[in-house]
Amino acid sequence: MRGKFAGILVGLCALGAPAVARAGWTFCVAESSGGKDIWITSVFAPTRERERLEGDFRAYLRSRGVAQPIAQCPAAKDDKTDMVNAQITAAEFHRKLGDALHEVSAPEFDPRR
């Protein structure tokens with residue numbers, strides 16, 4: 001995984017929070033194996049643990065032809081505004097790097113849909 005990808009999420013949100021889904025808000029970010037294509041979801045209320053969200057997001061991207069996606073979802077925060085700001089910051093970060101940013105509506109990768 002590229003250092004810039006991991007660094008931005010670690011800097012934005014405390015990733016050491018418990019793995020169990022809780023009330024709050026999050027979003028997910030993924031990169032392709034080449035690292036120049038970035039997928040970012042809308043902010044949503046998680047209904048399951050972060051590891052499962054990340055796996056579901058990877059599966060969603062693979063089903064659309066993305067090879068070896070690397071996905072991360074920050075730990076949920078109670079304040080939606082904080083999470084929206086973190087999502088905007090992540091998107092701006094990748095735009096400044098010249099990455100191709102692809103927006104994903106969060107419910108699209110929910111396997112229960």
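Derivation of every value follows stated rules applied to the coordinates shown; laboratory data play no part. Source: prediction; values computed, not measured. We place every Cβ from the backbone using ideal geometry, glycine too, and count neighbours over all the protein chains shown.
Summary of values
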read-out: Largest-first principal axis extents of the Cα set of the range 49-113 (Å); value: 31, 28, 17
read-out: Extended-chain gain in nm, criterion 0.36 nm per residue less alpha-carbon gap, HIS102 and SER42; value: 20.5 nm
read-out: Sites ALA67 and ALA23, calculated FRET efficiency, Cβ-Cβ separation with R0 41 Å, nearest 0.05; value: 0.75
